[in-house]
Amino acid sequence: MNPRCLLMETFPTDIDELVRYHFTVIEWKVQYGVLTYVIGDEDTKHRFLDLYFELDKRGYVPVLRREGDAKVLRVLRKPPQHKHKLLWNIILLMATIATVSFAGYLFTSSSIYDLLDPTFSSYRILHLLAYIASIFFVLGTHELGHKIACLKHGLKSTPPYFIPGPPEIGGSLGAVMIQETPILNRDQLFDLGLLGPLLGFMASIIITLLGLSLSYLVPYDIVALWLKQGQISVLPTEPLLFTLIRESLLSFLKVPLDQVVVIHPIAFAGWVGMLITFLNTLPVGQLDGGHVARAIFSSKKHSILSLVAIVIMLVTGFIVMAIIALMILFRGHPGPLDDVSPPSRTRKLLFLLLPLICGLCFTSITWTL
């Protein structure tokens, strides 16, 4: 059978014409029912975007990959779209509100606050609500970053699925959004991965500054006694950025060295935000940091970085997160539809923000709560 006739029977002729209009075709074939082209070595980024939007209207989707030295373009039929249901979003949101509220209750019910502030018990519910609002401000700002990236590039995504967490880390493990439309190129993948942690990072700084301004200075001898009596506890770890902000404020205010900070619940929300940012910026699988790393590096290098990040999780004690990350890694990362066109030069430079943010939010030392 003539291959051209096979093409005419399987695909509308305008699909082939569109591909040839946007790209120089070196050779082509129908492979396992998929229209496959080897294209020339021209600039692909804008050509691919134009082709995608034209094929999308006709119910097809292009996929561009490098195979050896060749650029291979495949045209697939668009899979059916499933209508998103909000039920699980609502259930997980309610569950996260409950776990965050419980964590806040444990924090604000400490009798130490009544010793430090005689009015604390009278406004305990307001302190609790402030803690809950602070956590969701950080989480919501993080997800807003993803939504801004989606709007910028015309991508559709589900509302966030909030993830409940244990009270020891604030009651939440963050949130995820599922893409309803494919990510087209590495620029889009980079923006989608970076903007969430970047805005969440900024929100964590704001909440930390607010929380520390409401915290209490207590002589070291008294704090040592409370520790011995078990009335207060020590945070398991402290992000480097939290340390820098706290020490900078103490230095600016010229606080004596024998004074210890007992943090307000809002400051703990800032600590939680930095912890979530640290975990999200690790370059693992399809986590935010994984998206950014995959936008810059090849699939193989991305897998190596993911394994290194999982080892870091294990070493720093995040055993459960390491197991989840390993499961995510096994799923692999699909990459964008156009996995040939490189990210922009600006984005390659902005990639340095990822290890910077991750390093600043990395846990460093223990300190008194």
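At-a-glance table
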quantity	calculated
Dipole moment magnitude, nearest 20 debye, the chain about Cα centre, only Lys, Arg, Asp, Glu C-beta charged	600 debye
The stretch 179-275, accessible area per residue, ligands and nucleic acids excluded (1.4 Å, Å²)	42 Å²
Principal axis dimensions, the stretch 254-335 - Cα atoms, whole angstrom, descending	52, 24, 20
Estimated distance in nm for a label pair at residue 112 and residue 344, the labels positioned 7 Å out from Cα along Cα-to-Cβ	4.7 nm
Between the stretch 24-82 and the stretch 253-324, the alpha-carbon center distance in angstrom	37 Å
Order by protection proxy (mean Cβ within 10 Å, highest first), peptides 33-45, 257-269	257-269, 33-45
Long-range amide H partners of residue 60 with built H, under 5 Å	78
Residue-by-residue Karplus 3J(HN,Hα) for the stretch 257-264, coefficients 6.51, -1.76, 1.60, Hz, glycine and proline x	5, 8, 9, 10, 8, 9, 6, 6
Proximal aspartates and glutamates relative to residue 300, as straight alpha-carbon distance under 18 Å, when same-chain residues fewer than 8 apart are discounted	67, 69, 288, 338, 339
Gyration tensor verdict on the stretch 162-224 (Cα atoms; rounded if a/c is under 1.5, prolate if a/b is larger than b/c, oblate otherwise)	prolate
Karplus (6.51, -1.76, 1.60) ³J(HN,Hα), θ = phi - 60°, over the stretch 135-152, in Hz, Gly and Pro reported as x	4, 6, 5, 5, 5, x, 5, 4, 5, 4, x, 5, 5, 4, 4, 5, 5, 4
Heavy atoms of residue 122 accessible to a 1.4 Å probe, total area in Å² rounded to 10	90 Å²
Table column - 3J(HN,Hα) (Hz), the stretch 155-160, Karplus curve with 6.51, -1.76, 1.60, x for Gly and Pro	9, 10, 9, 6, x, x
Inter-part distance where the stretch 142-158 and the stretch 91-117 are each reduced to a Cα centre, Å	31 Å
5 angstrom amide H check on residue 235, placed H, neighbours 5+ away	367, 369
Top positive-direction residue, dipole computed over the stretch 232-345 with Cβ charges, set 342, 252, 287	342
Listed peptides 109-121, 180-192 by packing density, highest first (mean Cβ within 10 Å)	180-192, 109-121
Global geometry of the chain, whether rounded, prolate or oblate, following the gyration tensor of its Cα atoms and the 1.5 cut on a/c	prolate
Two-site label geometry, residue 307 and residue 90: point separation in nm, points 7 Å out along Cα→Cβ	4.5 nm
For the stretch 184-312: rounded, prolate or oblate by the Cα gyration tensor [a/c cutoff 1.5]	prolate
Which listed pairs, of 45/301; 29/83; 45/147; 254/348, have C-alpha distances above 29 Å, in listed order	29/83; 254/348
Accessible surface of the chain, 1.4 Å probe, proportion on carbon and sulfur as whole %	67 percent
Efficiency of FRET from Cβ geometry, residue 319 and residue 255, R₀ 45 Å, rounded to 0.05	0.75
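The values are calculated or read from the model by the stated rules, or taken from the named source; none is laboratory data. It should be emphasised that the depicted structure is a prediction, and the values quoted were computed from it without experimental measurement. Neighbour counts run over all protein chains shown; Cβ positions are idealised from the backbone, glycine included. Heads up: the accessible areas ignore ligands, DNA and RNA and are worked out on the full protein's heavy atoms, side chains in. Shrake-Rupley method; radii C 1.70, N 1.55, O 1.52, S 1.80 Å.
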